[in-house]
1. Looking for something under 30 Å from F237 (Cβ atoms) and open to solvent by 40 Å² or more (accessible area, probe 1.4 Å) - is there at least one such residue anywhere in the range 129-151?
2. Pull up the range 300-327, narrow it to residues that are part of a helix (DSSP H, G or I) and of a type outside the set (A, V, I, L, M, F, W, C), then point me to the one that is most open to solvent (accessible area, probe 1.4 Å).
3. Given the conditions (1) more than 30 Å from the chain's Cα centre (by Cα); (2) open to solvent by 40 Å² or more (accessible area, probe 1.4 Å), and given that E215 satisfies all but one, which numbered condition is not satisfied?
4. In this structure, is L423 buried (at least 20 other Cβ atoms within 10 Å of the Cβ), within 6 Å of ligand 1 (Cβ to nearest atom) and under 35 Å from the mean Cα position of the chain (by Cα)?
5. Could you please let me know if Q240 is polar (S, T, N, Q) and open to solvent by 100 Å² or more (accessible area, probe 1.4 Å)?
6. Please determine whether any residue of the range 340-348 is farther than 14 Å from V317 by Cα, at pLDDT below 95 and out of contact with any His (no Cβ under 9 Å at 6 or more places or on another chain).
7. Identify, from the list R362, R431, the residue that is within 12 Å of ligand 1 (Cβ to nearest atom) and in contact (Cβ under 8 Å) with a residue 24 or more places away in the chain.
8. In the range 330-359, what residues are within 12 Å of ligand 1 (Cβ to nearest atom), farther than 15 Å from P397 by Cα and of a type in the set (G, A, S)?
Amino acid sequence: MRKRLGRLTRGLLPRGLLGRSVLIILVPILVLQAVALQLFYGGHLDVISRRLAGGVAGDVAMLVELVRREDPENRAWLFREAVWRLDLALAFESGARLELVTRPASLPLLPLEEDLNKALWERVRLPFDTDWQSDPRSVIIRVQLPDGVLHVEAPRKRLFTATLYLFVIWLVGSALLLSGIAILFMKNQVRAIRRLADAAEAFGLGRDVGTIKPEGASEVRQAAAAFNRMQERIRRFVGQRTEMLAGISHDLRTPLTRMRLALAMLPRNAETEEDLVALTQDVEEMERMTAAYLAFARGEGVEQARPADLVELVQDVAANARRAGAQVEVAAPPGLPMSLRPDALRRCLGNLLDNARRHASRIAVGVRTVPRGGHGGPAGESPGPLWAEVTVDDNGPGIPAGQREGAFRPFHSGSPSGTGLGLAIAQDIVRAHGGEILLEESPLGGLRARVRLPV
Ligand SMILES: Nc1ncnc2c1ncn2[C@@H]1O[C@H](COP(=O)(O)OP(=O)(O)O)[C@@H](O)[C@H]1O
Ligand SMILES: [Mg+2]
């Protein structure tokens, strides 16, 4: 039960900080004002309105009584007195009959009409009719007398105080003003937090975000400063590590080259031939591995993105793989021009095809565009941002679902001769493009690597 309630409120409450904080400010204000309004309407306004209506109705009842007793010729003085003493304009329509019609209420929110009708009913005790619509400044009361209809025009001022509307305007206005101020101020706070979140996200993806300017409330500034310090420490740490890796790889290259040359110069005979070939192979493999480490340590960050054709690049990489003896099919549109770092991306796709070639006999590469956000919704329907998607499928053994995450880790290789850097480098490159790379099960039975790049 509590769980369900929690889920319900979570569904109804705004998710963002801005919505929530405005709600936190607004709800107490609205509750306070609702209480104030209830007190005002229920207490003060009712009483005032009833008393004013009673006063007017009493005057009207008195006049009706006097008109009934006075001869028609002598009524003129009464009408004069009423105008200047009571502020009520009288007119008598001799012989007329009152048509009683029910009118819709014309004053929203206020109980004046009802109160006046009730007071008149109690005091006049004759058929009557009140008209609030003919004149915006006064209310016309018509009373049926035995010999005609008495018209009484009472100014609304006698029934009404302007504070009625003022109060409502004040309540609504102050709520609007307060929420406006709250939204304005909270927006700035939220923007500072969002900027921090975006910076952390980008840094997590390996992008260089630089130090972020501390802004907003002191806690947010504190978080920004902490983020900057953390970023600096991580950068220094990664820098040292890659420097060391690069140093080792670089320093190993020269002795390895020397060893390979020396091996080639060694005298060969039937006895040593086999060992020498094996040794040479090992040294060559070590050279390949140190070259890979060096490339990883140096990173591909120096290359700038430029306009290039993704499909052309994919065809190129596939042709290289074919030359290395792989059977590769490519399904791609005629062209897909976009902004990318061609050398880095060539290396990334090369690593994927290389892996597929080593684990499988058949490779299928596909290129298409898919809408970003929705997972494979019908393409072309939503004109929003697109992913350019490159899939590399193979018919090899694949990687079990639980080990796919780990395959991206640097130096994490399933084969003794592998460096474990292929997928790590591929992931680095894709992320530096603002994209993502996923490993899945392929329809061919083996592994599918799905690379998504923002178009
Ligand atoms: N297409 C594939 N099919 C099966 N396993 C794969 C495939 N691609 C990669 N792997 C596994 O993921 C591991 C990591 O790959 P990678 O990062 O390229 O390093 P390396 O190829 O040097 O071992 C490989 O050792 C292998 O076990
Ligand atoms: Mg590899």
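The values are calculated or read from the model by the stated rules, or taken from the named source; none is laboratory data. For clarity, every value in this text was computed on a predicted model and none was experimentally measured. Counting neighbours? That spans all protein chains shown, and the Cβs are built from the backbone with ideal geometry, glycine included. The area values use the complete protein model at the heavy-atom level, side chains included, leaving out ligands, DNA and RNA. Shrake-Rupley method; radii C 1.70, N 1.55, O 1.52, S 1.80 Å.
1. Step one: of the range 129-151, the residues under 30 Å from F237 (Cβ atoms) are none.
No, the range 129-151 contains no residue that is under 30 Å from F237 (Cβ atoms) and open to solvent by 40 Å² or more (accessible area, probe 1.4 Å).
2. Filtering the range 300-327 for residues part of a helix (DSSP H, G or I) gives 310-323.
Those left that are additionally of a type outside the set (A, V, I, L, M, F, W, C): 312, 315-316, 320, 322-323.
Working: E312: 131, Q315: 80, D316: 72, N320: 77, R322: 102, R323: 178 Å².
Ranking the qualifying residues of the range 300-327, first place goes to R323.
3. (1)
4. Details: buried (at least 20 other Cβ atoms within 10 Å of the Cβ): yes; within 6 Å of ligand 1 (Cβ to nearest atom): yes; under 35 Å from the mean Cα position of the chain (by Cα): yes.
Taking the combined requirement at face value, the residue satisfies it.
5. Details: polar (S, T, N, Q): yes; open to solvent by 100 Å² or more (accessible area, probe 1.4 Å): yes.
Judged against the criteria, Q240 is a match.
6. No.
7. Working: R431 fails: within 12 Å of ligand 1 (Cβ to nearest atom).
Just a single option satisfies the conditions, and that option is R362.
8. Selection gives G350 alone.
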